[in-house]
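Chemist: Structure below; questions to follow.
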Amino acid sequence: MFDLRTILLILFLTLGFLSIALALPLIRREVGPNSFYGFRTRVTLADPGLWYDANAYAGKSLFGYGLGVGLGSLILYLIPLSELAYAWTCLVIILGGLAVSLFLCFSHLRRRVKIHVSKGTDVKYGR
């Protein structure tokens with residue numbers, strides 16, 4: 001059977017590939033405003049223009065996140081680490097990447113809202 005490190009590698013690679021697969025429709029602007037899938041905030045749900053812009057950006061961020069998780073876990077797998085060190089290091093990559101991605105997405109949304117407001121466009125903040 002597989003050792004724990006190999007099982008963890010498969011798990012982390014699956015997370016990376018799943019993130020990339022979920023990112024592609026967002027990048028292509030194929031996902032309309034909804035309550036289940038996408039970068040959902042009160043602002044993006046209230047304004048379709050912001051929804052598509054923010055979700056295209058979030059999709060690119062999610063794509064990079066998935067690529068980073070997949071490549072990071074694969075590279076770390078090739079380094080002789082203990083199972084525990086491998087698991088913790090990959091967890092740091094996963095959580096750190098998620099934090100960076102969320103920060104970038106909210107920063108982008110904040111900039112887009114400021115641009116909308118400066119152009120005189122009304123931004124609605126909720127349902």
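The values are calculated or read from the model by the stated rules, or taken from the named source; none is laboratory data. Source: prediction; values computed, not measured. For neighbour counting, all protein chains shown are included, and Cβ atoms are generated from backbone atoms with ideal geometry for every residue, glycine included.
Chemist: If only one of Trp88, Trp51 is in contact with a Ser or Thr (Cβ under 8 Å, 6 or more places away or on another chain) and either at pLDDT below 95 or of a type in the set (Phe, Trp, Tyr) (or both), which one is it?
Modeler: Going through Trp88, Trp51 in turn, just one is in contact with a Ser or Thr (Cβ under 8 Å, 6 or more places away or on another chain) and either at pLDDT below 95 or of a type in the set (Phe, Trp, Tyr) (or both): Trp51.
Chemist: In segment 32-47, which residues are under 15 Å from the mean Cα position of the chain (by Cα), surrounded by 16 or more Cβ atoms within 10 Å (Cβ to Cβ) and not basic (Lys, Arg)?
Modeler: Gly38, Phe39, Thr41
Chemist: Let me ask something else. Exactly one of these conditions fails for Cys105: (1) over 11 Å from the mean Cα position of the chain (by Cα); (2) touching a residue at least 60 places away in the same chain (Cβ under 8 Å). Give me its number.
Modeler: Tallying (1) over 11 Å from the mean Cα position of the chain (by Cα); (2) touching a residue at least 60 places away in the same chain (Cβ under 8 Å), Cys105 fails exactly one: (1).
Chemist: Say whether the condition of being closer than 14 Å to Cys105 by Cα and touching a Leu at 6+ places or on another chain (Cβ under 7 Å) is met by at least one residue in segment 8-25. Full working, then the answer.
Modeler: So the first thing to find is which residues in segment 8-25 are closer than 14 Å to Cys105 by Cα, and the list is 23.
Still in the running and touching a Leu at 6+ places or on another chain (Cβ under 7 Å): 23.
For segment 8-25, residues closer than 14 Å to Cys105 by Cα and touching a Leu at 6+ places or on another chain (Cβ under 7 Å): present.
Chemist: Got at least one residue in segment 79-88 being under 23 Å from Arg29 (Cβ atoms), acidic (Asp, Glu) and assigned to a helix (DSSP H, G or I)? Break it down stepwise before answering.
Modeler: Going residue by residue through segment 79-88, those that are under 23 Å from Arg29 (Cβ atoms) are none.
Looking through segment 79-88, none of the residues is under 23 Å from Arg29 (Cβ atoms), acidic (Asp, Glu) and assigned to a helix (DSSP H, G or I).
Chemist: I'd like to check something: does segment 37-60 contain any residue that is farther than 27 Å from Lys114 by Cβ and either free of Cβ contacts under 8 Å to residues at least 60 places away in the same chain or out of contact with any Gly (no Cβ under 7 Å at 6 or more places or on another chain) (or both)?
Modeler: Scanning segment 37-60 turns up no residue that is farther than 27 Å from Lys114 by Cβ and either free of Cβ contacts under 8 Å to residues at least 60 places away in the same chain or out of contact with any Gly (no Cβ under 7 Å at 6 or more places or on another chain) (or both).
Chemist: A follow-up question, please. For segment 21-33, does any single residue satisfy the condition of being touching a residue at least 24 places away in the same chain (Cβ under 8 Å) and touching a Ser or Thr at 6+ places or on another chain (Cβ under 7 Å)?
Modeler: Within segment 21-33 (the criterion being touching a residue at least 24 places away in the same chain (Cβ under 8 Å) and touching a Ser or Thr at 6+ places or on another chain (Cβ under 7 Å)), the answer is no, since none of the residues qualifies.
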